[in-house]
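In what follows, a structure is listed as structure tokens, so that the remarks can point back to it.
A short reminder: the numbers here are calculations on the coordinates, not readings from a lab. What you see is a predicted model, and the numbers here were worked out from it, not measured in a lab. Note that we place each Cβ from the backbone using ideal geometry, even for glycine, and neighbour counts take in every protein chain shown.
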Amino acid sequence: MGLRFIFMLTRNDRTVEDASEQLKTALSLGVRHIGFKDIGLPIDRLKVLNQVIKADGATSYLEVVSLDRQSEIVSAKAAVEIGVDVLLGGTRLDDVLPILAGTGIQYCPFPGRITGHPSVLEGSIEEIVESAKALALREGVYGLDLLAYRSKEDVPALIKAVCAAVPKPVYVAGSIDTPERIAILKDAGAAGFTIGTAALDGKYPADDKDVARQLGAIIRDVASLNRHLSPLHKRNLANSFGQLKETWIAGQINDMQIKLAKFAGEFAWRFHRSGDELFLVHKGRLLMKFRDRDEIIEQGEFIVVPHGVEHCPVALDDICEVVLLEPGTSMDAGTAHDLEG
């Protein structure tokens, strides 16, 4: 699974007033993981946010603002009432787990000692790792919400140590606002991370400070780290055929090769024992002879020849330019003589 970007509709541990508008922007850009907090907007408006997120096929998150035992219980109950998919944060498992039991909500508490507001992660790397290991052993704990960038420790070392110590997903939060920090998370083995204030306030390096450009830059950088960016660009068929001297493999789709070929005259009768072929005429006309009929394929038309079917291609014009889609190997090709034997 690739690194997961969770966009939080929050600033300074509160859901923003214009969360609905920011949500529309995020969904239009294809953000698939979106969260908020149960502070800042009334629960009815949070329910609407959650409905919109899930209606679009995205995953919804609620993050606990850990102030005291009672506020954490309130947040857990709010997560159930709103119907979110994931509950992030909090430290009081004995209070929260019974509330979430049977709901299907994935629970990811904070490892380590959490203090203050906004929350701060205290303790040494060793102490935080031991806390993470203990939490990961608890039934009902899906993963961890690591406030790594709210710690005074060596953050890359902390993330790597926690990810190596637990067999469950680790999501990282707290002041992630540069591509370099996201790359650190990927390298350390984190499952995902949250960004809220940095994007909403235009702090992430992008072409502009508006939220759409901010989110677009984050999505691009995450896609690059996950190797989800294509190195392939469009090609012009006319130019490609103009440079063609012999059959050329122009590309590959899974086990199928895209070939450019210039046909002249008549070929021998042939068939393929396995693997169908597609002939797309780019320029000229192609006659495809079958044992029961002949078909003329005009410019802009194509024909599929199933495997095992004898056929004989004939270029009706001087040169016929053809795009072929066929298996990566043609070693199984045979001639009419093979059938007679």
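General remarks:
- Largest GNM mean-square fluctuation among Lys209, Lys186, Lys245, using the chain with Cα springs under 10 Å: Lys245.
- Qualifying chymotrypsin sites (Phe, Trp or Tyr not before Pro) in the range 204-275, DSSP loop, other Cβ atoms within 10 Å at most 15: Phe267
- Straight-line cross-link reach from Lys47 at under 24 Å between alpha-carbon atoms covers these lysines, not counting any fewer than eight positions away in the same chain: Lys24, Lys37, Lys77.
- Lys/Arg +1, Asp/Glu -1 at C-beta; the chain dipole; positive extreme among Gly300, Val120, Ala199: Val120
- Ala264 paired with Glu126, simple spin-label distance in nm, labels 7 Å along Cα-to-beta-carbon: 7.9 nm
- The ranking of Val84, Val309 by Cβ neighbour count inside 10 Å, starting from the fewest, reads Val309, Val84.
- Overall, the chain carries a charge dipole of about 600 debye about its Cα centre when +1 sits on the Cβ of Lys and Arg and -1 on the Cβ of Asp and Glu, all other atoms neutral.
- Legend: Rg and Dmax of the range 237-340, from Cα coordinates, 13.2, 42 Å.
- Each Cα pair under 8 Å and six or more residues apart adds its sequence gap; the mean of these over the residue count of the chain is a relative contact order of 12 percent.
- Size of electric dipole in the range 237-340: Cβ of Lys, Arg +1 and of Asp, Glu -1, about Cα centre, debye, nearest 20: 240 debye
- Over the chain, volume per residue of the alpha carbon convex hull, in Å³: 207 Å³
- When the chain is described by a simple charge dipole with +1 on each Lys and Arg Cβ and -1 on each Asp and Glu Cβ, the residue from Ile182, Gln214, Ala148 located farthest towards its positive end is Ala148.
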